Amino acid sequence: MSQKFLAGISAPVRHFAIQLSATRRGARLARLLAERQLEEWGEAYEDARQVVAELASNAVLHGRVPGRDFRLTLRLDADRTLRIEVTDARGDRTPRLPGPVAQDAEGGRGLLIVAAYAHRWGVVETAAHGKTVWAELVPDQGNAPGRMV
């Protein structure tokens, strides 16, 4: 095996996870904690702030089950791909990209924003009938269109 291959295997992966209340305050805290964690890691992912805000907001608005929290997870891989995951308790409400949204509509743009910032994004079912919506951001991607996987 080449040294380059071995270096890629042994490079550290950074990880952060926290449970938050499924409230507007919890969604706001998710964004603030993600900003602080990325700053602590020395990473400047400006787009991550917006992606976390949208995914956390969706978890609170559409994935909330009374008495159940949501979880925010950040993972920074060796190649500097940032994976953002938000897990909520409503696996029966799978998010999909909406059709065209009226300019005066108050909602319906969250996943369009995530798709615009993310290199790729998707949804997976979790235990206890929940779901995890994830998005991956890569360094220097610009505003490449996102794609669901």
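Output the residues belonging to segment 57-72 that are among the small types (Gly, Ala, Ser), farther than 16 Å from GLU125 by Cα and crowded, with 16+ Cβ neighbours inside 10 Å.
Keep residues of segment 57-72 that are among the small types (Gly, Ala, Ser), which gives 57, 59, 63, 67.
Subsequent filtering for residues that are farther than 16 Å from GLU125 by Cα retains 57, 67.
Hit for segment 57-72 is SER57, nothing else.
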Legend entry - Inter-residue pairs, beta-carbon under 9 Å, first in contact (Cβ under 8 Å) with a residue 60 or more places away in the chain and in segment 21-36, second crowded, with 17+ Cβ neighbours inside 10 Å, 6+ apart: ALA22/ALA59; ALA22/VAL60; ALA22/GLY63; ALA22/ARG64; ALA22/ASP69; ALA22/PHE70; ALA22/ASP88; ALA22/ALA89
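If I filter segment 41-73 down to residues being among the small types (Gly, Ala, Ser) and touching a Ser or Thr at 6+ places or on another chain (Cβ under 9 Å), which single residue comes out as farthest from ILE18 (Cα to Cα)?
Start the filter on segment 41-73 by keeping residues that are among the small types (Gly, Ala, Ser), which leaves 42, 44, 48, 53, 56-57, 59, 63, 67.
Among the residues that remain, those that are also touching a Ser or Thr at 6+ places or on another chain (Cβ under 9 Å) are: 59, 63.
Values: ALA59: 14, GLY63: 17 Å.
Among them, the one singled out is GLY63.
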Inset, instruction - Only residues that are modelled with pLDDT under 95 and either part of a helix (DSSP H, G or I) or closer than 20 Å to LEU111 by Cβ (or both): list them for segment 132-142, please. - result: VAL138, GLN141, GLY142
Inset, instruction - Go through segment 72-93 and count every residue that is under 22 Å from GLY26 (Cα atoms) and assigned to a loop (DSSP other than H, G, I, E, B). - result: 5
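Results for (1) within 22 Å of ARG120 (Cα to Cα); (2) open to solvent by less than 70 Å² (accessible area, probe 1.4 Å); (3) not β-branched (Val, Ile, Thr), shown as yes or no for each residue.
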site	(1), (2), (3)
ARG25	no, no, yes
LEU32	no, no, yes
GLU35	yes, yes, yes
GLU43	yes, yes, yes
ALA48	yes, yes, yes
VAL52	yes, yes, no
LEU55	yes, yes, yes
ASP88	yes, yes, yes
ARG93	yes, no, yes
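The values are calculated or read from the model by the stated rules, or taken from the named source; none is laboratory data. As the structure is a computational prediction, the values presented were derived from the model and not from experiment. A quick note on method: Cβ atoms are made from the backbone with ideal geometry, for glycine too, and the neighbour counts reach across all protein chains shown. Ligands, DNA and RNA are stripped out before the accessible areas are found, and what is left, the full protein with its side chains, is counted by its heavy atoms. Shrake-Rupley method; radii C 1.70, N 1.55, O 1.52, S 1.80 Å.
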